[in-house]
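The values are calculated or read from the model by the stated rules, or taken from the named source; none is laboratory data. What you see is a predicted model, and the numbers here were worked out from it, not measured in a lab. Counting neighbours? That spans all protein chains shown, and the Cβs are built from the backbone with ideal geometry, glycine included. Remember, those area values only see protein heavy atoms, side chains included, never the ligands or the DNA or RNA. Shrake-Rupley method; radii C 1.70, N 1.55, O 1.52, S 1.80 Å.
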Amino acid sequence: MTDIESRIDTSRPHTARIWNYWTGGKDNYPVDREAGDRIRQLHPGIGEYAREDRLFLGRAVRHLAEEEGIRQFLDIGTGLPSADNTHEVAQRVSPDARVVYVDNDPLVLAHARALLVGTPEGRTDYLDADLRDVDTILAAAGKTLDLDRPVALMLLGVVIFVEDDAESYAVVRRLMDALAPGSHLVLSHTVVHPSMPEVDAAVAFWNEHGTPRLTQRTPEAITRYFDGLELLAPGVVPCSRWRPDAPAPDVAMYAGVGRKP
Ligand SMILES: C[S@@+](CC[C@H](N)C(=O)[O-])C[C@H]1O[C@@H](n2cnc3c(N)ncnc32)[C@H](O)[C@@H]1O
């Protein structure tokens with residue numbers, strides 16, 4: 001057994017794998033599928049929530065590459081390789097785009113090679129690290145990205161795993177502080193909302209059985225991650241409503257994009 005294989009725990013559902021299950025991937029285990037089905041019973045919209053988050057990623061990266069001239073992306077909490085990963089969307093617009101992926105799940109590390117096949121002009125790199133290890137991430141990212149030029153920091157569905165509010169704001173702030181003016185924050189986050197009580201039951205089930213634990217936050221608390229940034233229209237909204245290509249349902253994941261002045 002390799003070192004990576006020995007780190008893969010198939011006894012408990014893991015977030016990267018369950019996300020992969022809901023978005024139609026094959027890189028998951030029976031324990032993930034069982035929990036995924038149970039959560040779908042509690043919150044039938046969960047499949048759309050994961051799918052809409054990936055579609056938001058595509059629209060946000062395309063907007064940043066096409067309209068804001070962003071050529072560098074730091075994607076933390078990458079997830080298992082899927083259709084239209086960040087480098088594929090960015091390099092379709094700009095073949096020289098550079099992307100650094102970061103995740104702390106050993107199965108994502110095992111599949112990381114699929115994330116590293118980009119255009120010859122661009123570059124992609126992968127780092128096995130925790131979002132909270134800001135200094136490690138910045139030091140490693142600086143080998144591939146020029147941190148004196150704008151970078152898009154992608155935090156999709158990952159800040160939810162930093163339970164302590166103050167720590168979660170501090171991590172995002174420290175990362176953005178290290179980036180050049182003109183950099184952007186792209187963030188999506190599970191919401192707690194009176195109109196969606198079924199989400200709370202699904203999250204409670206996850207926190208009892210899955211890993212890591214997940215924290216829901218209100219739309220106002222999610223908006224605070226963008227303090228000090230210029231929030232792009234339409235602001236912090238259900239990710240399905242962020243500049244949609246077609247009408248889409250409301251989902252329990254809110255998202256926004258902000259520019260560092
Ligand atoms: C819900 S998935 C989201 C995947 C992808 N960003 C997307 O939006 O489709 C969360 C990902 O964050 C990763 N993750 C969770 N906690 C993390 C941490 N503390 N540091 C780095 N990655 C983390 C998980 O392994 C998983 O791949």
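Miscellaneous remarks
- Search result, residues across region 75-121 that are more than 18 Å from ARG132 (Cβ to Cβ), surrounded by 24 or more Cβ atoms within 10 Å (Cβ to Cβ) and among the hydroxyl-bearing types (Ser, Thr, Tyr): THR86
- Looking only at region 25-59, and only at residues there that are within 12 Å of the ligand (Cβ to nearest atom) and open to solvent by 50 Å² or more (accessible area, probe 1.4 Å), the one that is modelled with the highest pLDDT: LEU55
- Scan of region 60-74 for residues that are open to solvent by 20 Å² or more (accessible area, probe 1.4 Å) and either hydroxyl-bearing (Ser, Thr, Tyr) or more than 16 Å from GLU121 (Cα to Cα) (or both), ordered by number: ARG62, HIS63, GLU66, GLU67, GLU68, GLY69
- Residue in region 168-185 that is within 16 Å of the ligand (Cβ to nearest atom), farther than 29 Å from TRP22 by Cα, modelled with pLDDT of 95 or more and of a type in the set (A, V, I, L, M) present: yes
- All positions within region 183-207 that are among the hydroxyl-bearing types (Ser, Thr, Tyr) and either farther than 17 Å from GLU52 by Cβ or surrounded by 16 or more Cβ atoms within 10 Å (Cβ to Cβ) (or both): SER183, SER188, THR190
- Output for region 131-143, where each listed residue is open to solvent by less than 40 Å² (accessible area, probe 1.4 Å) and either under 17 Å from LEU109 (Cβ atoms) or within 13 Å of the ligand (Cβ to nearest atom) (or both): LEU131, VAL134, ILE137, ALA140, ALA141
- For region 228-259, the candidate set comprises residues that are open to solvent by 60 Å² or more (accessible area, probe 1.4 Å) and either within 19 Å of VAL172 (Cα to Cα) or acidic (Asp, Glu) (or both); within that set, the residue that is modelled with the lowest pLDDT is ASP250.
- Residue count for region 1-46 satisfying the condition of being part of a helix (DSSP H, G or I), of a type in the set (S, T, N, Q) and touching a Phe, Trp or Tyr at 6+ places or on another chain (Cβ under 9 Å): 1.
- Given (1) open to solvent by less than 10 Å² (accessible area, probe 1.4 Å); (2) in a loop (DSSP other than H, G, I, E, B), number of the condition ILE222 does not satisfy: (2)
- Cβ separations smaller than 9 Å between residues 6+ apart or across chains give the following pairs from region 146-158 residues that are of a type in the set (Val, Ile, Thr) and within 16 Å of the ligand (Cβ to nearest atom) to residues that are in a strand (DSSP E or B) and open to solvent by 10 Å² or more (accessible area, probe 1.4 Å): VAL158/ASP103.
- With respect to the conditions (1) under 16 Å from the mean Cα position of the chain (by Cα); (2) at pLDDT below 95, ALA201 lacks only one, and its number is (1).
- From the list GLY157, GLY182, the one residue that fits, being of a type outside the set (S, T, N, Q) and within 17 Å of the chain's Cα centre (by Cα), is GLY157.
- Count of region 225-261 residues which are among the aliphatic types (A, V, I, L, M) and not in a strand (DSSP E or B): 8
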